[in-house]
1. Pairs of Cα atoms under 8 Å, at least six residues apart: use those to get the relative contact order of region 128-229, whole percent.
2. With every protein chain kept in place and ligands, DNA and RNA left out, what is the accessible area per residue of region 128-229? Probe 1.4 Å, answer in Å².
3. Give the residue list of trypsin sites (Lys or Arg not before Pro) in region 121-180 that are DSSP loop and have at most 10 other beta-carbon atoms within 10 angstrom.
4. Please compute the length gained on full extension between residue 229 and residue 135, using 0.36 nm multiplied by the number of residues separating them and subtracting their Cα-Cα distance.
5. Compute the relative contact order of region 13-58 as a whole-number percentage, counting only Cα pairs closer than 8 Å that sit 6 or more residues apart in sequence.
6. I want to verify the translational diffusion coefficient of region 128-229 in µm²/s; compute it with Stokes-Einstein, Rh as the Kirkwood radius over Cα pairs, at 37 °C and 0.692 mPa s.
7. Could you compute the net charge surrounding residue 186? Neighbours are other residues with a C-beta less than 15 Å from the C-beta of residue 186; K and R count +1, D and E count -1.
8. Figure the gain on full extension for residue 182 and residue 153 (residue separation times 0.36 nm, minus the Cα-Cα span) and round it to one decimal in nm.
Amino acid sequence: MASGIGSSSNPGSQDPYSILGLEPGASFESVQQAKEKRLLEVGDDLQARARVEASYDAVLMSSLKERQLGKVSNAAVNASQREEVQVETAARSGGSNALLTRLRNINSSTANTKPGEFWPNLSLPEGQGLTVRLVLGGLALLLVIVAPVGSTELILSVSTIALFLSQIRRGRRPLASLGWSVLLLASGLILGGLLLQAMTALTSVTLPITGDQLEAVPTVLLLWAGALLLA
């Protein structure tokens, strides 16, 4: 592997070997190691990770082509056979290859997660992401209020799953995303229960919605806020 891997951090470079910090003719093991190192370096930058994945596939394809043309020594045949398997897998999986690789990297690096990484950064998404979250959150709140009796549990379940997926899309690790989704769900149910008890104590107040719906409103609001802010 070339020692100047840091020099490949130039985002404008389109040469796959430069992006991976490799020289042409690098071994399969060197390509694998370079890819893993570059993915660790770029962290959660989705565009940079996509460039690394694309460069990795391009290098494998180039090595396979050279082997087929007889430009590779016999000592490299066994290694290049493994490259062929990698390339065929990438071709079959198409656009999902980068996502699957990202999930494997997330799982392999979970053990190295620091305790402080559980705490999220609070920031609003931009553009279409913000619009989608606002619309879906408002829709969930409306459904809780107007939906038939007994459907609130389904709405809360779907909202919790949506919060989990929202955090994943914004780059958070699955375990932390699951933890915050469950925490906000439980907190909302507790607040909803307290609100229901307070309103029940006021015998002179007639509620336009059922107790289950009233209990679900704070939960939906918390899950909605989480989808907007957790990153």
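1. That works out to 42 percent.
2. I get 56 Å² per residue for this part.
3. none
4. Values: separation 94, 0.36 × 94 = 33.84 nm, distance 1.48 nm.
Gain on stretching residue 229 to residue 135: 32.4 nm.
5. 48
6. It diffuses with D of about 234 µm²/s by this estimate.
7. -2
8. Working: separation 29, 0.36 × 29 = 10.44 nm, distance 1.41 nm.
Difference between extended and current length: 9.0 nm.
The values are calculated or read from the model by the stated rules, or taken from the named source; none is laboratory data. Treat the numbers as computed from the prediction; the structure is a model and nothing was measured. Glycine gets a Cβ as well: all are built from the backbone with ideal geometry, and neighbour counts include every protein chain shown. These accessible areas exclude ligands, DNA and RNA; they are computed on the full protein's heavy atoms, side chains included. Shrake-Rupley method; radii C 1.70, N 1.55, O 1.52, S 1.80 Å.
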